[in-house]
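Down below is the structure, laid out as structure tokens.
The values are calculated or read from the model by the stated rules, or taken from the named source; none is laboratory data. Nothing here was measured: the structure is a model prediction, and the numbers come from that model. Counting neighbours? That spans all protein chains shown, and the Cβs are built from the backbone with ideal geometry, glycine included.
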Amino acid sequence: MLGRTLREVSAALKQGQITPTELCQKCLSLIKKTKFLNAYITVSEEVALKQAEESEKRYKKGRSLGDLDGIPIAVKDNFSTSGIETTCASNMLKGYVPPYNATVVQKLLDQGAVLMGKTNLDEFAMGSGSTDGAFGPVKNPWSYSKQYREKRKQKPHGENEDSDWLITGGSSGGSAAAVAAFTCFAALGSDTGGSTRNPAAHCGVVGFKPSYGLVSRHGLIPLVNSMDVPGILTRCVDDAAIVLGMLAGHDPKDSTTIQDPVKPFTLPTLTDVSELCIGIPKEYLAPELSCEVRSFWSKAANLFESEGAKVIEVSLPHTSYSIVCYHVLCTSEVASNMARFDGLEYGHRCDINVSTEAMYAATRREGFNDVVRGRILAGNFFLLKENYENYFIKAQKVRRLIANDFVKVFNSGVDVLLTPTTLQEAAPYLEFIKEDNRTRSAQDDIFTQAVNMAGLPAVSVPVALSNQGLPIGLQFIGRAFCDQQLLKIAKWFEKQVQFPVIQLQELMNDGSSVSEIEKLASVSLKH
Amino acid sequence: MAAPMLRWWCLGRRWLLACIDGGSRHGRGAAIGFTSSRKRGQTSVAQQPLITSQKSRKGEHEWAAVVGLEIHAQISSNSKLFSGSRVHFAAPPNSLVSFFDASLPGTLPVLNRRCVEAAVMTGLALNCCINKKSLFDRKHYFYADLPAGYQITQQRLPIAVNGSLAYSVCVGKKPSRVITKTVRIKQIQLEQDSGKSLHDELRSQTLIDLNRAGVGLLEVVLEPDMSCGEEAATAVRELQLILQALGTSRANMAEGQLRVDANVSVHHPGEPLGVRTEVKNLNSAKFLAKAIDSEIERQIHELENGREILNETRSFDYKLGCTMPMRDKEGKQDYRFMPEPNLPPLLLYDTESLPPGADPQQVINIDWIREQLPELPSETRERLIQQYGILPEHSFALLNEVGLLEFFQNVIKETRAEPKKVTSWVLNIFLGFLKQQNLAVNESPVTPSALAELLNLLDRKAISSTAAKQVFEELWRSEGKTPSQIVSEKQLELMQDQEALEQACHTVMEGHPQVVMDVKRGNPRAINKLIGLVRKATLSRADPTAIKEILERKLSP
């Protein structure tokens, strides 16, 4: 049952094949079994069971709230959840219990979704590995998959198996792992430079970043306000569309959301791609791109072409400036957004009380990790009067150029862009931590973060397994506010590639569902 | 909420739980008790003569002073600038604080339409150009009563620019001349107020009250077109009246709804401007004038003694009557301004640019607001002068007291008495009584109707003006009685019985032959003595004019 998609399990609930409480308990028990993944910071067991119970009552009365009623979900721990601790994986917010729900959380709960818990991340979502949080790194469920283990056995390696696990990518690694390990059917992430799409690619799930302004940020603890969007992680594109339908629309509490009403929708099935024009941005052919990813990318392009779509090379000439531009804008907003964490109103406060200033300094030193403090320092530097023109203003201008690159390409008739999501498959933790956070983020966000600069919708779809047996994702980028069209194309692609389901027999101890899974497993994009 | 004591708090103040306003930042108001005690405690007003050439030594040029002002006016609105919290003065601490006001992570600002309308209306009344597009910025500094670590303001592109404020100063003594001056308005910007810090010396703590945090402010920047304290104070007073007439701010300085910072410099006319200082937190018009004038004097004194003026922030010590450097601004602040990313540009429309089919709830039309502009104080004064023929300085006096004009107009409506008479009664007697007892117009025990009735009695000569004053005193003391009741109870009505009056005159003349003789000998004053005697005999109930008439007739040869 847990291996099903959201849509399938929703149907099962409606048909009474399983009750919300049973489903919730199954997920809770799997969360416990997979505790070592460190996907969750807080498991809201009591709340979840209560919500499931209420959902069950509704089903019994025949008054289900819809597709999400009784569905276990997880939420990244940088969304405010009323009455449930929200930490941002930072010492600064340990013990902080928000008095209100983020709009997206509220919308999910209003639809009857059952909140399993809050998922792990890089501190304040600053990172691309989910390794830099106060609660330790998240382990990629694929590290324990049959597919990966079998490949590993073929290669001699002397290292201890326990330290041999892979990172999830980040910063929404907890959400990606939670969905990949079947502990929930959908999870919220956040995406500022790729934080939803990157771990989705590494964990073999769908990671969707909506258009900026389509989904409310109210209650999302900000990283970069002008780029943050709530992201959606699911096991298939259809599920992402269902969740998007519930979340999208104007929020009076977020002045940057669109005014036009958005109606819930069902994603139509695309049968013919011959009318489509797929753009392949040549600047995305980075030298660091692994051969395998590159090969899947061109196979995907060929697939579209062979089905009659027009596939053309396009140019996004300012792409190479994106990383450094992002660095300036991101750190500047971080410096500003983090100013509120002073230990006065909420969160961590140090014991020093010599003066208010001394208290601020010690509180912030104790509360933030090096990555956060480094970004605050850099951001304040860029915002200094003497530097503002040279850095912040310039970065804003470059951002405009990057956004215009996309506008030009889409105006030339391209429907979606097809790119890799990441340079390569998930790295082993020990390898990953050899580089510092900044270097890694700069490398890992290379394909994802220009999208945030432009506010466009993008989705990472798992394509196939690498030689090592690890998932590889490709990214589709759509026109602003053409999220549905983007998902429609992604859904078609998903159907063509038939990405294999993760095999976690050891973890799941649930023969029936695994055999179900195995039936689905087949790879169409073979090496 | 409590925080450890702020380090710079060591200004040598004596009170235990002193309220120190935030000082150096954006026009923080002093806390209540502090300001009002200042206001009541000090009675002498520093209306110093205009600027310059103070005791200039021989051979030296005159000095000219240049004064610019930054005025923060709290917008009169039910809720705060970016949150739904109520705005209320003197509510229990931290009782009006939304999640946004406390800067809980994840909360976002939502612009209050009413505050925008108030800014537009104020801009229009001050002859500003209203920007159809304006932007919000973050201004960063760490302070305990600024929960987000930044203030949302309009640094780059404010809502209104390039206006002007006309104000009038009276020159010379009777007959005084009213001179109108104009100060340019650089800009009006919308911004958030901060909370308040209360420093508890005993426990070495700072207590934070966030009720005020996030209340909408209008920052009005006046160009350095003024040259002394009195001009600045008069300009501020005029602005205050305008804001009150518009209803965009209650502009009560004692409650911190109007706060003024002054930029002051001196130079020799014809030479470049001098280095300026900023005098912060001038929270009453009286001290505003005094602080500026004392700062001008100080600067001249410094320069004449060969010293330099430092570009620094100073505060006015009302006890010492001079400005002092503020210690919390030692290092130069870099506010690290940045665009506020959570608020889209603020777009305003006029009837021409209004998008067709726009939802009136979603757009603000400048022309609609222009149509709603009420009569402004300068127009009111002009009208009073035209309509009632009163003196210009009386028109100022009528507007200068909250509610006085309305009181005056209500009296006028109900009385047949001459407007000049009404003006004189309202400005002299009525206002005199109020001032004596330190009451506001709306606290007066005498209603406009009662005064109107009293003036009617006087007008139709039913009572003498002496009796009228007596009736007024009685009205003030015993609420509920009408003037007519008092007149009849106290038997104050003028004698209407001509025969009885003739008889009284006759009796007096009989009793004082010497005085009668004096009159006959041509002493012009003697008749007044007789009039006085008759009035006394009639218990002041006789009309002196009538008495005089009878006496003159009887005394005529």
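Can you name every residue in the stretch A:395-437 that is within 14 Å of chain B (Cβ to nearest Cβ) and without any contact (Cβ under 8 Å) to a residue 60 or more places away in the chain?
If the condition is that a residue be within 14 Å of chain B (Cβ to nearest Cβ) and without any contact (Cβ under 8 Å) to a residue 60 or more places away in the chain, then A:K397, A:R400 are the ones that fit.
Looking only at the stretch A:74-98, how many residues end up being surrounded by 24 or more Cβ atoms within 10 Å (Cβ to Cβ) and at the interface with chain B (Cβ under 9 Å from one of its Cβ atoms)?
Count: 7.
Go over the candidates A:E357, A:E345, A:E283 one by one and state the one that is in contact (Cβ under 8 Å) with a residue 24 or more places away in the chain, out of contact with any strand residue (DSSP E or B) (no Cβ under 6 Å at 6 or more places or on another chain) and either farther than 25 Å from A:P98 by Cα or within 14 Å of another protein chain (Cβ to nearest Cβ) (or both).
None of the other options fit; the residue is A:E283.
Using beta carbons and a limit of 9 Å, which pairs, at least six apart or on different chains, have the first residue in the stretch B:360-389 and within 19 Å of B:K132 (Cα to Cα) and the second one exposed (fewer than 11 other Cβ atoms within 10 Å of the Cβ) and not hydroxyl-bearing (S, T, Y)?
Within 9 Å, the pairs are B:Q362/A:Q259; B:V363/B:P355; B:D367/B:E352; B:W368/B:P360.
Of all strands (runs of 3 or more DSSP E) completely enclosed by the stretch A:143-236, which ones contain at least 1 residues that are of a type in the set (A, V, I, L, M, F, W, C) and within 14 Å of another protein chain (Cβ to nearest Cβ)? Spell out the reasoning first.
On the way: elements: A:186-191, A:206-209, A:229-234.
Result: A:186-191, A:229-234.
Among what's in the stretch B:446-479 and is modelled with pLDDT under 90 and outside any helix (DSSP H, G or I), pick the residue that is farthest from B:L384 (Cα to Cα).
Per the criteria, the residue is B:S478.
Restricting to the stretch B:140-174, what's the tally of residues that are more than 10 Å from chain A (Cβ to nearest Cβ) and either of a type outside the set (V, I, T) or buried (at least 17 other Cβ atoms within 10 Å of the Cβ) (or both)?
Residues meeting the conditions: 23.
Which of the residues belonging to the stretch A:103-113 are within 11 Å of chain B (Cβ to nearest Cβ) and farther than 20 Å from A:G173 by Cα?
A:T103 - this is the single residue of the stretch A:103-113 that is within 11 Å of chain B (Cβ to nearest Cβ) and farther than 20 Å from A:G173 by Cα.
From the list A:V273, A:V293, which residue is part of a helix (DSSP H, G or I) and crowded, with 17+ Cβ neighbours inside 10 Å?
Values: A:V273 fails: part of a helix (DSSP H, G or I).
Result: A:V293 is the single residue among A:V273, A:V293 that is part of a helix (DSSP H, G or I) and crowded, with 17+ Cβ neighbours inside 10 Å.
Of all residues in the stretch A:332-342 being in contact (Cβ under 8 Å) with a residue 12 or more places away in the chain and among the hydrophobic types (A, V, I, L, M, F, W, C), which is farthest from the other protein chains (Cβ to nearest Cβ)? Working first, answer last.
First, the residues of the stretch A:332-342 that are in contact (Cβ under 8 Å) with a residue 12 or more places away in the chain: A:332-338, A:341-342.
Checking the rest, the ones that are also among the hydrophobic types (A, V, I, L, M, F, W, C) come to A:334-335, A:338, A:341.
Numbers: A:V334: 11, A:A335: 7, A:M338: 8, A:F341: 8 Å.
Among them, the one singled out is A:V334.
Does any residue of the stretch A:10-19 turn out to be within 30 Å of B:L104 (Cβ to Cβ) and away from chain B (no Cβ under 14 Å)?
No, every residue in the stretch A:10-19 fails to be within 30 Å of B:L104 (Cβ to Cβ) and away from chain B (no Cβ under 14 Å).
Can you name the condition, by its number, that A:R375 falls short on among (1) within 26 Å of A:G136 (Cα to Cα); (2) buried (at least 22 other Cβ atoms within 10 Å of the Cβ); (3) at the interface with chain B (Cβ under 10 Å from one of its Cβ atoms)?
(3)
Give the residues of the stretch B:271-304 that are among the basic types (K, R) and either over 13 Å from B:G68 (Cβ atoms) or modelled with pLDDT of 95 or more (or both), sorted by residue number.
Across the stretch B:271-304, the qualifying residues are B:K280, B:K286, B:K290, B:R298.
Checking B:P419 against (1) out of contact with any Gly (no Cβ under 7 Å at 6 or more places or on another chain); (2) at pLDDT 90 or above; (3) not charged (D, E, K, R), which single condition isn't satisfied?
Result: B:P419 passes all but (1).
Would you confirm whether or not the stretch B:295-306 contains a residue that is among the basic types (K, R) and surrounded by 13 or more Cβ atoms within 10 Å (Cβ to Cβ)?
yes
Just to be sure I understand, how many residues within the stretch B:186-213 are at pLDDT below 90 and of a type in the set (V, I, T)?
1
Can you report the number of residues in the stretch B:340-354 which are over 35 Å from the mean Cα position of the chain (by Cα) and either within 12 Å of chain A (Cβ to nearest Cβ) or under 21 Å from A:Y388 (Cα atoms) (or both)?
Within the stretch B:340-354, residues that are over 35 Å from the mean Cα position of the chain (by Cα) and either within 12 Å of chain A (Cβ to nearest Cβ) or under 21 Å from A:Y388 (Cα atoms) (or both) number 3.
Quick check, is A:D239 under 17 Å from A:F476 (Cβ atoms) and either out of contact with any Lys or Arg (no Cβ under 8 Å at 6 or more places or on another chain) or outside any strand (DSSP E or B) (or both)?
yes
Would you confirm whether or not the stretch B:505-525 contains a residue that is surrounded by fewer than 17 Cβ atoms within 10 Å (Cβ to Cβ) and of a type in the set (D, E)?
Within the stretch B:505-525 (the criterion being surrounded by fewer than 17 Cβ atoms within 10 Å (Cβ to Cβ) and of a type in the set (D, E)), the answer is yes, since at least one residue qualifies.
Considering each residue of the stretch A:362-406, count those that are out of contact with any strand residue (DSSP E or B) (no Cβ under 6 Å at 6 or more places or on another chain) and closer than 16 Å to B:H140 by Cβ, and give that number.
At the first step, the residues of the stretch A:362-406 found to be out of contact with any strand residue (DSSP E or B) (no Cβ under 6 Å at 6 or more places or on another chain) are A:362-382, A:384-406.
Restricting the remaining residues to those that are closer than 16 Å to B:H140 by Cβ gives A:364, A:375-382, A:384-388, A:391-392.
Looking only at that region, the number is 16.
Going by the structure shown, is B:P360 within 14 Å of chain A (Cβ to nearest Cβ), assigned to a loop (DSSP other than H, G, I, E, B) and over 29 Å from B:E406 (Cα atoms)? Before you say what the answer is, go through the steps one by one.
Details: within 14 Å of chain A (Cβ to nearest Cβ): no; assigned to a loop (DSSP other than H, G, I, E, B): yes; over 29 Å from B:E406 (Cα atoms): yes.
Considered against the rule, which asks whether it is within 14 Å of chain A (Cβ to nearest Cβ), assigned to a loop (DSSP other than H, G, I, E, B) and over 29 Å from B:E406 (Cα atoms), B:P360 comes out as no.
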